[in-house]
Amino acid sequence: MATGEAVVQIAPNPAIALKRGAEALAGAEEPEEPIMIEYRIHGRGGQGSVAAAYLLAAAAFEAGFTCQAFPAFGAERRGAPVMAFVRIDEKPITLRSQVRSPDFMIVQDDTLLLDPNLTAGLNPEGAMLVNSRKPASEFKKSKTRVIAFPATELAVEVIGRPIPNTALLAAFLALTEHVPQKALAAALKGRFAGPVLEKNLELIAKAADTVEKGAWKEKAHA
Amino acid sequence: MREALEGSQAIARAISLCKPDVVAAYPITPQTHIVENLSKLVADGNLHTEFVSVESEFSAASVVLGAAAAGARAYTASASQGILLMSEVMYNISGMRIPLVMTIANRAVGAPLNIWNDQSDTMAVRDAGWIQLHCISNQEAVDTTIQAFRLAQETELPVAVNMDGFVLTHTMEVIDVPAQAEVDKYLPPFEFSRKLDPANPVSMGTLVDPNWFSEVRHSHHAAMVKALPKIEEIDKAFAKVFGRASGGLLTVEGDKKAKVAILAMGSVVGTMMAGQDEFKDEVGSARIVKLRAFRPFPAKALRDALKGVEKLVVIDRAISPGLGGVLGTEVSAVLSTMDNGPKVYNYALGLGGRDIQASMYKDLLKAIENPKAPRFAIFDADLKKLPPEDR
């Protein structure tokens, strides 16, 4: 459960700036209507894709945003493909549809990318983070930026279990800086306790250090 | 306090704030998380209630019936086939005018088996004599749940709070969970004037012969009609304490002067509002009528809301096979007494959980520009998937 206290004030918000483009980053324009950022998380049953979506939304809330996270439920079973969606905005979100054109994707299992339709609708100016030991070039099919990061291995090393979700989230937030790491830590504290929390906090700190900070802060020019 | 919560978790918290004496429920997707969270609140010592684990929805409804009749604040929740199994008891509850509250986590009814959201379950008990309210967000579901306990108590009628399964129950969003002190101020302790009393024994729901049955039904109908202003009054009283209302009987969103309107219940209203923001330059604005009270049906309020509207799309999340949409048919009936009422286009959408995108707003408004547009259709059905004889 989230605490309800906004732990960080963000201004200007890089996530929103990313959608508005470089001119907004320059800060010369009048403040525009805030624009929603949409995320899609893919994984397999047991990898914590739905938990990842809830954590991302909870972290966004901790950082002072409005948020929405929900799964695309099927007949749930271990190993079956799972999808979950997140929206982050500055104003209330009334839209309830599934995210068909995500700005960003997180893929927890690289074999899911064997399906060429998995990345359908992905914003060419956005980016995709893949949990894999393979190089990103293996998954790069368009101009959309892709980074691969072996999150399962890191999770096994730190928490002793092959659950990559929190490591991926930390790396993703380090890349995008949409929500500060502190907010993710706060979201984890709302969901876990004891050794599970401690190990996950250690894991997210390590994961965040493995990628280039702010690399996806700005909009790509596809 | 504002928190990021899953809808079901927030509902369990809202129930807890209303301090039920008895909770009885049988788990069914997508209602399960509500009951799980309630049971956790009880197990952790945070909710002091008699939590009765039952073996079926029939028993769940029977337990809350008996509990409320004995003077206890009682709550249950279900969905889909669970509602159908409860239906006999639902008629008993309302027929005996027992005040209690149920959440319906709306889901399709099988066969074929489908666990996803539409509103076929609540429509199947349309005539069971319960107050039926619909929510477009988890905030409204939380607020309406708290209101429902007061409404049940003041009307001596059972109240079903509908929230779309998965779309709301499994969505995490920012929800302002009211403080206990404020809920205590708003919701008085449970009282039931006709509660069972061993010192003054009565029978409830006994045989009523033809000499009295029509009068009993008239009285039930009259009580439901009288609940219309109560629903508004209780929502207004809520706004006074908590600073926000849930939409009374209905509200008009979007362009209040538009000659085209879209009417719907539940979460799809929010998607249509988002669709209007995105596509109004392309297809124009619409009056978006958010219908909150389905039973009792706010006929007059609806006619007032639709004055000057020429074309009305009624979105249905359930159908009556062989007739059309349930809500659309009812709206048409109510508008028949209106001079220059709108032409009604009744389109069923999102049956069995089919995703409804914001672009549906545009698709609907474009479709009714065609003079030959059908007056009823399962709008998003792809007939090419069917053999020719089924189209």
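The numbers here are math on the coordinates, done by the rules we state, and not lab data. It should be emphasised that the depicted structure is a prediction, and the values quoted were computed from it without experimental measurement. Methodologically, a virtual Cβ is constructed for each residue, glycine included, from the backbone with ideal geometry; neighbour enumeration extends over all protein chains shown.
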Within the P(r) computed for the range B:127-197, what percentage of the Cα pairs occupies the region above 16 Å? 56 percent
Collect residues whose amide H, placed 1.01 Å from N in the peptide plane, falls under 5 Å from the amide H of A:Ala148; neighbours closer than 5 in sequence don't count. A:Val130, A:Ala136
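Only Lys, Arg, Asp and Glu count, each charged at its Cβ (+1, +1, -1, -1), so figure out the dipole size of the protein assembly as shown about its Cα centre, rounded to 20 debye. Display every interim value, and only then the final one.
Values: 65 positive and 71 negative charges, 140 e Å.
Approximately 680 debye in magnitude.
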The pairs in A:Lys91/A:Lys217; A:Lys141/A:Lys217; A:Lys189/B:Lys185; B:Lys259/B:Lys362 lying past 24 Å Cα-Cα in this model are A:Lys189/B:Lys185
Which of the aspartates and glutamates could be linked to B:Lys256 by a straight reach, that is with a Cα gap under 17 Å, when you skip same-chain ones fewer than 8 residues away? B:Asp277, B:Asp281, B:Asp304, B:Glu310
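For a protection proxy built on the mean count of beta-carbon atoms within 10 angstrom, sort B:147-156, B:226-235 highest first, please. Mind showing how you got there, number by number?
On the way: B:147-156: 22.7, B:226-235: 18.6.
Peptide ranking by packing, descending: B:147-156, B:226-235.
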Placing one identical point scatterer on every Cα of the range B:251-390 and ignoring solvent, what is log10 I(q)/I(0) from the Debye formula at q = 0.15, 0.20 Å⁻¹? -0.70, -1.27
Over the Cα atoms of the range A:71-119, what radius of gyration and what Dmax do you get, in Å? 12.8, 37
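Just want the ordering: A:Arg78, A:Arg145, from fewest to most Cβ atoms lying within 10 Å of their own Cβ.
Working: A:Arg78 8, A:Arg145 19.
Placing the least packed residue first, the sequence is A:Arg78, A:Arg145.
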Under the Kirkwood approximation for Rh and a Cα-based Rg, what ratio Rg/Rh is obtained for the range B:209-249? 1.31
For the range B:120-135, in order, what is each residue's ³J(HN,Hα) by Karplus, 6.51 cos²θ - 1.76 cosθ + 1.60 with θ = phi - 60°, in whole Hz (x at glycine and Pro)? 4, 5, 5, 5, 5, 10, 3, 9, 6, x, 9, 5, 10, 10, 10, 10
Taking only Cα atoms of the range B:56-159, radius of gyration then Dmax in Å: 13.1, 40
Have a look at B:Thr171, B:Thr145, B:Thr337 and tell me which one the Gaussian network model of chain B (Cα, springs below 10 Å) gives the largest fluctuation. B:Thr337
Excluding same-chain residues fewer than 8 positions from B:Lys195, which aspartates and glutamates have a Cα within less than 13 Å of its Cα? B:Glu156
Can you give the helix-only mean residue ellipticity at 222 nm for the protein assembly as shown, where every DSSP H stretch with n ≥ 4 adds -39500 (n - 2.57) and the sum goes over all residues, rounded to the nearest 500 deg cm²/dmol? -11500 deg cm²/dmol
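Return one quarter of the surface area of the convex hull spanned by the alpha-carbon atoms of the protein assembly as shown, equal to its mean projected area, in nm². Before the final figure, lay out the partial values.
Details: hull surface 121.5 nm².
Here the figure is 30.4 nm², rounded to one decimal.
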Of A:Val86, B:Val142, B:Ser120, which is farthest along the charge dipole of the protein assembly as shown in the positive direction, counting Lys and Arg as +1 and Asp and Glu as -1 at C-beta? B:Ser120
To the nearest Å, what is the center-to-center distance of the range B:227-253 and the range B:164-213, using C-alpha atoms only? 18 Å
Return P(r) of the range B:301-383 (all Cα-Cα pairs; 10 Å bins starting at 0; whole %; ordered from short to long distances). 17, 49, 30, 3
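Among B:Val283, B:Val89, which comes first, second and so on when ranked by fewest other beta-carbon atoms within 10 Å?
Working: B:Val283 17, B:Val89 20.
So the ranking, lowest neighbour count to highest, is B:Val283, B:Val89.
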Which residue, chosen from A:Ala207, A:Val156, A:Leu118, occupies the Cα position most advanced towards the positive end of the dipole of the range A:111-222, where the dipole is computed from +1 (Lys, Arg) and -1 (Asp, Glu) charges on Cβ about the Cα centre? A:Leu118
Highest-fluctuation residue, B:Leu168, B:Leu302, B:Leu100 considered, GNM on chain B with Cα pairs under 10 Å: B:Leu302
For the range B:181-323, convex hull of alpha carbons as volume per residue, Å³: 195 Å³
Report, in whole Å, the centroid distance computed from the Cα atoms of the range B:339-377 and the range B:31-72. 40 Å
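Would you calculate the volume per residue, in Å³, of the smallest convex hull containing every Cα atom of chain B? Each step should come with its number before you reach the end.
Working: hull volume 60.0 nm³, N = 391.
Cα convex hull per residue, to the nearest whole number: 153 Å³.
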Stokes-Einstein diffusion coefficient for the range A:46-147 at 37 °C in a medium of 0.692 mPa s, Rh from the Kirkwood formula over Cα pairs: what value in µm²/s? 225 µm²/s
Would you calculate the volume per residue, in Å³, of the smallest convex hull containing every Cα atom of the range B:155-238? 185 Å³
Given 10 Å bins starting at zero, what is the percent of C-alpha pairs of the range A:36-209 in each, up to the one with the largest pair distance? 10, 42, 38, 9, 0
GNM on chain B, Cα springs under 10 Å; top mean-square fluctuation among B:Pro99, B:Pro189, B:Pro112 goes to B:Pro112
